[in-house]
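Worksheet: the structure to be examined is printed underneath.
Bear in mind that the values in this text are calculations on the coordinates, not laboratory data. For clarity, every value in this text was computed on a predicted model and none was experimentally measured. Positions of Cβ are generated from backbone atoms using ideal geometry, with glycine treated the same way; all protein chains shown enter the neighbour counts.
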């Protein structure tokens, strides 16, 4: 069974907003629902009915890598003041590359769980807004 912290992280990595304490999330009451053939299921119900092997993959493959990728993004700031030192040359696209890799793993996790990415992650396409 996933811990509360892991459930929160899965929801967060999938791009869904926090729920706070104003609405208890249960198998029949959630903000996020997905369709599996003829069945409509809440994200909470999906995450609390995983098989042992599915839970293992979710934790050991997805959550573990996502924690590492997320932590590596702020670490990019350590190189912002140096463009080149001796033979080392700064990758000017490092932040964008890390963001893209992180979001790619987030989308893979959504696919594994069987739910669409949330509004905080989007579909990965480009959106044009006219103002």
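So the values come out like this:
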| item | result |
| --- | --- |
| Selection count, the stretch 67-82, where residues are surrounded by 15 or more Cβ atoms within 10 Å (Cβ to Cβ) and within 14 Å of residue 13 (Cβ to Cβ) | 2 |
| Lone qualifier among 48, 64, 26 - being surrounded by fewer than 13 Cβ atoms within 10 Å (Cβ to Cβ) and farther than 20 Å from residue 121 by Cβ | 26 |
| Residue tally, condition within 17 Å of residue 55 (Cβ to Cβ) and assigned to a loop (DSSP other than H, G, I, E, B), over the stretch 1-32 | 5 |
| Those residues of the stretch 33-48 which are under 10 Å from residue 2 (Cα atoms) and part of a loop (DSSP other than H, G, I, E, B), in sequence order | 48 |
